[in-house]
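The structure appears below as structure tokens.
The values are calculated or read from the model by the stated rules, or taken from the named source; none is laboratory data. Just so it is clear, the structure is predicted and the values come from calculations on it, not from any experiment. Don't worry about glycine lacking a Cβ; one is built from the backbone with ideal geometry, like all the others, and counts go over all protein chains shown.
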Amino acid sequence: MPVLFKKNPIDVAFSIITGLASLSVLVFIIGILYVLFTESSPAIEKFGVMKFLTSTDWDPVRESFGAATSLYGTAVATAIALFIAIPVAIGIAVFITEISPDFLKSPIGIAIELLAAIPSIIYGMWGLFVLVPIMADYIEPALQSTLGKIPLIGILFEGTPMGIDLLTAGIILSIMIIPFTASISRDAFNLTPEIVKESAYALGATKWEVVKNVVIPYSKLGVFGGIVLSLGRALGETMAVAFVLGNNHQITTSLLDAAATITVTLANEFTEADSDIYLASLFYLALILFVMSFITLAIAKFFLLRAERRFTR
Amino acid sequence: MKTILTLVAAITLIFSFGIAGAAETLNGAGASFPYPVYSAWGYNYNKATGIRLNYQSIGSGGGVRQIINRTVDFGASDAPLKPEKLEKENLMQFPAVIGGVVPVFNLPGIEPGAIKLTSNALCKVLLGDITYWDNKDIKKLNPDVPLKHKKITVVRRSDGSGTTAIFTTYLSQVCPEWKEKVGAGKAVKWPVGIGGKGNEGVANYVQKVKNSIGYVEFAYAKQNKLSYLRLENAAGNFVKPSFESFQDAAASGDFDPSKHFYLWLTNAPGKNAWPISGATFILLAKEKKESNPKVVKFFDWAFKNGDDTAKRLVYVPLPEPLKNKVRKYWKSQGIY
């Protein structure tokens, strides 16, 4: 390898330029982390780590802040989104790779990618004007009169059905993250060697058995990586959620109640936050989200790398 | 080569315009509530004088931060700064236009203005002590209105806002329990309800959610044809929000130039005054001797020529005596 570099100065320059470009990413990440940390230090000093994470108080007038309500909203909205999106996305991927006739493959593939290209604010507006009334008038009353009657599960569907709540936010989020999981799963499924599948068919396996016993086990790490990438996307989504979540700092048992997420809190309150500790607490929330997303994406990358290594071996 | 030359020429031309324009531009930033009227005034002022107004509506908090950092010619805030704070930051302050906050509701089949509330009843609803529309306190005030046993959904702002500051200041003034439990501010810890982003967000939620009650700027209530409440004012009359009731509030408010006009116009004593009114303010840096007269000139022009524009956009112009008070204040500061 070193011999090559000696031969051609352009190669040296090229490797330096690309190296610097890659290093700049590290500089940016560390820079962002540094700013978040220094800006939030007054809040870290005042509230500490555990107290901030567990306090449900978010009171700008008395300058007492805690992240628990925002964390709760973020976690529940993301969980609902994944709960809906994963089966649908895997279904789409299976259909495209294994079942669909050729002429349908590319239209569906393109449609999925278009879904990922729609700006989130448009999802938010569509959610507020189209989905919210449908949820409030039909779906949520229906859920209350069926699932709401079952003990234990019932508490998830208490309250007034307004359509501006965690459930609606979760559904919008799920539509937004389906493309990520679906296209990565599709790519992972495509990596299953034809010869393995054909052997299974030759042994008399049905399509269902091939998908269940060959394709999915073979590519499960890739699918998992896709799910975690979606998770990262869902954690960071802001505008679409802000429109339909109701933006309320509270922890409730019902999915039909308004809540707040970290990103929505930041988007809503940043411009008018006038006291120093208020601003610092918002930066503190941002720091928490940054660390959370960083860990999530690191996990995703880890699984994707392991999957890749397995296929290339 | 020729295309490159043309391109360079074009870019130079654009930049030279930019530089020429920069000398004739007033830069302001702050409150989003008066943004429509400031930009309409700015447009007309530009046509009349050639001076451009560049107003960024980044929120009252942002406006205060920007003028303290001296990055703009003027800041704008819906919440007045206290005289001590102004002295500390070496700032001046004067009101520019009046607005009002209007409680609105969505009750199918009930007319706008049909429901009367006392400040006490409104406070109880927002604290979550009254949860149904047919509560006896509401029924007693509105014996002729067919109120049903429906749960009240409170809609409020989720983002920090001057509208919220005016509304919660009013509630803290008229309702000791509110003052003790929640307090006043641009963002507060609401006991109940869902939050919409911006005035348009609240207006939208109120339209979408049946049996809801919310609060918006007067302009949004009018434009969206939302049903408003009638409220009891300090003089004990039930008034409805209108230009006249805002004007009455502005006229009866004691704006004191020696305190840099620091005044919350809420619960004003006027007989027909709308109780949740407020002025929006302009902030100037005292040491900016060059740009201040230009800013003042613009607002003086707007005071003289901008009343119709303001009214068309559903803002309430300052009453004439108050305008003169502001002009005297400018004179005393040596910028008029």
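Every condition in (1) at pLDDT below 90; (2) under 22 Å from the mean Cα position of the chain (by Cα); (3) within 20 Å of residue B:230 (Cα to Cα) is met by residue B:114 except one, and the failing one is (2).
Looking at segment A:245-270, which of the residues that are outside any helix (DSSP H, G or I) and more than 10 Å from every other protein chain (Cβ to nearest Cβ) is modelled with the highest pLDDT? Checking each candidate, the answer is A:261.
With the structure loaded, tell me whether residue A:288 is of a type in the set (A, V, I, L, M, F, W, C), in a helix (DSSP H, G or I) and modelled with pLDDT of 90 or more or whether it fails that test. Yes; evaluated as a whole, the condition is true for this residue. Among the numbered conditions (1) at negative phi; (2) in a loop (DSSP other than H, G, I, E, B), the only one that residue B:70 does not meet is (1). Just checking: which of the helices (runs of 4 or more DSSP H) contained wholly in segment B:92-209 hold 2 or more residues that are away from chain A (no Cβ under 14 Å), under 21 Å from residue B:241 (Cα atoms) and in contact (Cβ under 8 Å) with a residue 12 or more places away in the chain? Those helices (runs of 4 or more DSSP H) span B:119-127, B:136-141, B:162-174.
Of all residues being at pLDDT below 90 and of a type in the set (Lys, Arg) in segment B:212-239, which is farthest from residue B:36 (Cα to Cα)? Just the residue, please. The selected residue is B:225.
Determine whether segment B:153-168 contains at least one residue that is over 22 Å from the mean Cα position of the chain (by Cα), buried (at least 22 other Cβ atoms within 10 Å of the Cβ) and at pLDDT 90 or above.
Our first condition is that a residue be over 22 Å from the mean Cα position of the chain (by Cα); within segment B:153-168, this holds for B:153.
Still in the running and buried (at least 22 other Cβ atoms within 10 Å of the Cβ): B:153.
Then keep just the ones that are at pLDDT 90 or above; that gives B:153.
The answer is yes, given that some residue of segment B:153-168 is over 22 Å from the mean Cα position of the chain (by Cα), buried (at least 22 other Cβ atoms within 10 Å of the Cβ) and at pLDDT 90 or above.
Criterion applied to A:12, A:61 was being in contact with a Lys or Arg (Cβ under 9 Å, 6 or more places away or on another chain), of a type in the set (A, V, I, L, M) and not in a helix (DSSP H, G or I), and the one residue passing it is A:61.
When residue B:214 is tested against the conditions (1) more than 10 Å from every other protein chain (Cβ to nearest Cβ); (2) not in a strand (DSSP E or B), the lone failure is (2).
Taking the conditions (1) aromatic (Phe, Trp, Tyr); (2) at pLDDT below 90; (3) over 28 Å from residue A:256 (Cα atoms) in turn, residue A:157 satisfies each one other than (3).
Quick one: would you say residue A:204 is among the small types (Gly, Ala, Ser) and crowded, with 19+ Cβ neighbours inside 10 Å? Steps first, answer last, please.
On the way: among the small types (Gly, Ala, Ser): yes; crowded, with 19+ Cβ neighbours inside 10 Å: no.
It is false that residue A:204 is among the small types (Gly, Ala, Ser) and crowded, with 19+ Cβ neighbours inside 10 Å.
Would you kindly identify the helices (runs of 4 or more DSSP H) lying entirely within segment A:162-221 that contain at least 1 residues that are over 15 Å from residue A:95 (Cα atoms) and without any contact (Cβ under 8 Å) to a residue 60 or more places away in the chain? Before the answer, list the steps.
Details: elements: A:166-190, A:194-202, A:207-210.
Once the helices (runs of 4 or more DSSP H) in segment A:162-221 are filtered for at least 1 residues that are over 15 Å from residue A:95 (Cα atoms) and without any contact (Cβ under 8 Å) to a residue 60 or more places away in the chain, what remains is A:194-202.
Among the residues of segment B:236-250, some residue qualifies, meaning at least one is in a loop (DSSP other than H, G, I, E, B), of a type outside the set (A, V, I, L, M, F, W, C) and surrounded by 21 or more Cβ atoms within 10 Å (Cβ to Cβ). Among the conditions (1) surrounded by fewer than 24 Cβ atoms within 10 Å (Cβ to Cβ); (2) within 23 Å of residue A:290 (Cα to Cα); (3) within 12 Å of another protein chain (Cβ to nearest Cβ), the only one that residue A:227 does not satisfy is (3).
Restricting attention to segment B:251-279, and to residues there that are in a helix (DSSP H, G or I) and of a type in the set (Gly, Ala, Ser), which single residue is surrounded by the most Cβ atoms within 10 Å (Cβ to Cβ)? Give the derivation first.
Just the residues of segment B:251-279 that are in a helix (DSSP H, G or I), to begin with: B:251-252, B:257-259.
When the remaining residues are screened for being of a type in the set (Gly, Ala, Ser), the result is B:251-252, B:258.
Numbers: B:251: 16, B:252: 18, B:258: 9.
Restricting to residues being in a helix (DSSP H, G or I) and of a type in the set (Gly, Ala, Ser), the top hit is B:252.
Among the residues here, residue A:134 does not qualify as surrounded by fewer than 23 Cβ atoms within 10 Å (Cβ to Cβ), within 19 Å of residue A:79 (Cβ to Cβ) and under 27 Å from the mean Cα position of the chain (by Cα).
Hey, among the residues in segment A:21-64 that are of a type in the set (S, T, N, Q) and within 24 Å of the chain's Cα centre (by Cα), which one's farthest from the other protein chains (Cβ to nearest Cβ)? The residue in question is A:54.
For the condition under 20 Å from the mean Cα position of the chain (by Cα) and at positive phi, what is the one hit in B:198, B:253, B:236? I'd like the intermediate steps shown before the answer.
Numbers: B:253 fails: at positive phi; B:236 fails: under 20 Å from the mean Cα position of the chain (by Cα).
Just a single option satisfies the conditions, and that option is B:198.
Could we say that residue B:144 is among the charged types (D, E, K, R) and either under 25 Å from residue B:251 (Cβ atoms) or modelled with pLDDT of 90 or more (or both) here? Criteria not met by residue B:144. The requirement of being farther than 24 Å from residue B:253 by Cα, in contact with a strand residue (DSSP E or B) (Cβ under 8 Å, 6 or more places away or on another chain) and in contact (Cβ under 8 Å) with a residue 60 or more places away in the chain is not satisfied by residue B:62. Within segment A:271-285, if we keep just the residues that are crowded, with 20+ Cβ neighbours inside 10 Å, of a type in the set (Ser, Thr, Tyr) and touching a residue at least 60 places away in the same chain (Cβ under 8 Å), the residue that is nearest to the other protein chains (Cβ to nearest Cβ) turns out to be A:278. Screening residue A:69 on (1) β-branched (Val, Ile, Thr); (2) in contact with a Ser or Thr (Cβ under 7 Å, 6 or more places away or on another chain); (3) modelled with pLDDT under 90 shows it passes everything except condition (3). Checking every residue in segment A:250-263 against the condition of being acidic (Asp, Glu) and more than 16 Å from the chain's Cα centre (by Cα) gives at least one match.
Residues that are surrounded by fewer than 17 Cβ atoms within 10 Å (Cβ to Cβ), of a type outside the set (S, T, N, Q) and in contact (Cβ under 8 Å) with a residue 60 or more places away in the chain do not occur anywhere in segment A:11-19.
When you scan segment B:67-80, how many residues do you find that are within 11 Å of another protein chain (Cβ to nearest Cβ), farther than 15 Å from residue B:161 by Cβ and polar (S, T, N, Q)? If you could, list the steps in order and put the result at the bottom.
Taking segment B:67-80 first, the residues within 11 Å of another protein chain (Cβ to nearest Cβ) are B:68, B:77-79.
Next cut, farther than 15 Å from residue B:161 by Cβ only: B:68.
With polar (S, T, N, Q) added as a condition, the list becomes none.
Qualifying residue count, segment B:67-80: 0.
Quick grid of which residues meet (1) out of contact with any helix residue (DSSP H, G or I) (no Cβ under 6 Å at 6 or more places or on another chain); (2) away from chain B (no Cβ under 14 Å):
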{"position": "A:90", "(1), (2)": "no, yes"}
{"position": "A:94", "(1), (2)": "no, yes"}
{"position": "A:97", "(1), (2)": "no, yes"}
{"position": "A:107", "(1), (2)": "yes, yes"}
{"position": "A:112", "(1), (2)": "no, yes"}
{"position": "A:115", "(1), (2)": "no, yes"}
{"position": "A:126", "(1), (2)": "yes, no"}
{"position": "A:134", "(1), (2)": "yes, no"}
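Inclusion of residue A:242 among residues that are at pLDDT 90 or above, surrounded by 20 or more Cβ atoms within 10 Å (Cβ to Cβ) and among the hydrophobic types (A, V, I, L, M, F, W, C) is not warranted.
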